[in-house]
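A quick write-up on the structure given underneath.
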Amino acid sequence: GSQVSPAPSPIAAEDGKQKIVAAVISYLKDNISNPVTLDSVVENIRFSKTYLKEIFRKVTGTTIMKYLTSLRIDLAKELLSEGGHTVSEISVKCGYQTVHYFSNAFKKETGMTPSEYAKTVGKRGIL
């Protein structure tokens, strides 16, 4: 007789989704200073773009690119808090092609420019 294989448990399916999202986040962190596009994420994670976008949003509540921006701005805040880096150096380390683009993204996320933020964390060594 033919046996019907049991349906995968919802828990296993959830676990699979978590693993996919963890792989995406890991890729974003590994490539934080590189140009990252949705297509580059899809190429590396090897799931369809639609599926990845859907799963990521379900699990994290945000989009892949917004998540990447948050990671980059968090890194920028960390570097600004440390002091001793120029805004230009920080923008490169955080994966921005231009200081202008970085400053705009930073201000959009935090409500202040990188220099203003540096002052609030008490670092005057921003160039």
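The values are calculated or read from the model by the stated rules, or taken from the named source; none is laboratory data. Predicted model only: the values in this text are computed from it and were never measured. Positions of Cβ are generated from backbone atoms using ideal geometry, with glycine treated the same way; all protein chains shown enter the neighbour counts. Note: accessible area is taken over every heavy atom of the protein model, side chains too, but ligands, DNA and RNA are not part of it. Shrake-Rupley method; radii C 1.70, N 1.55, O 1.52, S 1.80 Å.
A few comments on the model shown:
- Count - residues of region 78-95 that are at pLDDT below 95 and either on the phi > 0 side of the Ramachandran plot or of a type in the set (Phe, Trp, Tyr) (or both): 2
- Lone qualifier among 41, 36 - being under 22 Å from residue 13 (Cβ atoms) and within 15 Å of the chain's Cα centre (by Cα): 41
- Total residues in region 52-70, condition in contact (Cβ under 8 Å) with a residue 40 or more places away in the chain and touching a Ser or Thr at 6+ places or on another chain (Cβ under 7 Å): 1
So that you can scan it fast, the table gives a plain yes or no per residue for (1) among the charged types (D, E, K, R); (2) within 18 Å of residue 96 (Cβ to Cβ); (3) in contact with a helix residue (DSSP H, G or I) (Cβ under 6 Å, 6 or more places away or on another chain):
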{"position": "23", "(1), (2), (3)": "no, no, yes"}
{"position": "34", "(1), (2), (3)": "no, yes, no"}
{"position": "40", "(1), (2), (3)": "no, yes, no"}
{"position": "46", "(1), (2), (3)": "yes, no, no"}
{"position": "56", "(1), (2), (3)": "no, no, yes"}
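- Conditions (1) of a type outside the set (A, V, I, L, M); (2) without any contact (Cβ under 8 Å) to a residue 60 or more places away in the chain; (3) open to solvent by 80 Å² or more (accessible area, probe 1.4 Å): number failed by residue 106: (3)
- Among the numbered conditions (1) within 16 Å of residue 101 (Cα to Cα); (2) touching a Ser or Thr at 6+ places or on another chain (Cβ under 9 Å); (3) in contact (Cβ under 8 Å) with a residue 40 or more places away in the chain, the only one that residue 73 does not meet is (3).
- Residues within region 22-48 that are assigned to a helix (DSSP H, G or I), without any contact (Cβ under 8 Å) to a residue 12 or more places away in the chain and either under 26 Å from residue 92 (Cβ atoms) or in contact with a Ser or Thr (Cβ under 6 Å, 6 or more places away or on another chain) (or both), tallied: 6
- Matching residues, region 49-95, being open to solvent by less than 50 Å² (accessible area, probe 1.4 Å) and not in a helix (DSSP H, G or I): 62, 63, 83, 85, 86, 94, 95
- Of the residues in region 115-126, at least one is farther than 23 Å from residue 21 by Cβ, in contact with a helix residue (DSSP H, G or I) (Cβ under 6 Å, 6 or more places away or on another chain), part of a helix (DSSP H, G or I) and free of Cβ contacts under 8 Å to residues at least 60 places away in the same chain.
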